[in-house]
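Asker: For reference, the structure I am asking about is given below.
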Amino acid sequence: AQQKARHDDRRGILNEELRSEERKLADLLKEFNNGEPERQGNERNYAKYQERVANMRDNIGRTEKNIQALRREIGSIR
């Protein structure tokens with residue numbers, strides 16, 4: 001019974017982390033705007049804009065991997 005309680009607690013924590021990562025991904029995708037985010041005032045040259053877009057792609061990829069890992073982890077809890 002104690003082990004089941006630990007698993008339930010762990011599952012709850014992981015589910016909360018998963019929801020947080022999913023919200024983060026939704027925000028990143030909205031800002032990314034299908035690969036064409038709005039240019040900011042401090043991005044006068046195109047290289048700065050491209051650098052920010054590349055960082056956004058990296059963040060999106062990292063967040064997607066985190067979501068996959070959390071789902072695997074949740075699935076492995078008995």
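The values are calculated or read from the model by the stated rules, or taken from the named source; none is laboratory data. A quick note: this is a predicted structure, and the numbers were derived from the prediction, not measured. Positions of Cβ are backbone-derived with ideal geometry, glycine not excepted, and every protein chain shown enters the neighbour counts. Each accessible area value is taken on the protein alone, full model and side chains, heavy atoms only, with ligands, DNA and RNA left out. Shrake-Rupley method; radii C 1.70, N 1.55, O 1.52, S 1.80 Å.
Asker: Please report the carbon-and-sulfur percent of the accessible area for the chain; probe 1.4 Å, protein heavy atoms only, DNA, RNA and ligands left out.
Answerer: Taking all protein chains in place, the chain shows 45 percent carbon and sulfur surface.
Asker: Separate question: Looking at (1) 12.2; (2) 13.8; (3) 14.5, which value of Kirkwood radius over Cα pairs in Å comes from a calculation on the structure shown?
Answerer: Given (1) 12.2; (2) 13.8; (3) 14.5, the calculated one carries the label (3).
Asker: Right, here's the next one. Roughly how big is the chain's charge dipole about its Cα centre, with Cβ charges of +1 (Lys, Arg) and -1 (Asp, Glu), in debye to the nearest 20?
Answerer: 300
Asker: Taking a probe of 1.4 Å, how large is the accessible area per residue of the chain, in Å²?
Answerer: Counting only protein heavy atoms, the per-residue value for the chain is 78 Å².
Asker: Using only Cα atoms and rounding to the nearest 10 degrees, what angle (0 to 90) does helix 2-32 make with the longest principal axis of the chain?
Answerer: Roughly 10 degrees, rounded to the nearest 10.
Asker: Any idea what the relative contact order of the chain is, in percent, if you count C-alpha pairs under 8 Å spaced at least 6 apart?
Answerer: The value is 51 percent.
Asker: Between K65 and K30, what is the spin-label point distance in nm, taking each point 7 Å from the Cα along the Cα→C-beta axis?
Answerer: For K65 paired with K30, the spin-label model returns 2.6 nm.
Asker: Counting helices only, and only those DSSP H runs with n ≥ 4, report the 222 nm mean residue ellipticity of the chain as the sum of -39,500 (n - 2.57) divided by its residues, in deg cm²/dmol to the nearest 500.
Answerer: Result for the chain, helices only: -29000 deg cm²/dmol.
Asker: Check cross-link reach from K48 to the lysines: straight Cα distance under 30 Å, and skip same-chain residues fewer than eight apart.
Answerer: Partners found: K24, K30, K65.
Asker: So for S76, S20, what's the accessible-area order with a 1.4 Å probe, most first?
Answerer: Result, largest first: S76, S20.
Asker: For helix 46-76, report the angle its Cα long axis makes with the longest principal axis of the Cα atoms of the chain; keep it between 0 and 90° and round to the nearest 10°.
Answerer: 10
Asker: Does a label point 7 Å from the Cα of E73, set along Cα-to-beta-carbon, have any residues of region 1-28 with amide nitrogen under 12 Å, and which are they?
Answerer: Taking a point 7 Å out along Cα→Cβ of E73, the residues of region 1-28 whose backbone N falls under 12 Å are 10-21.
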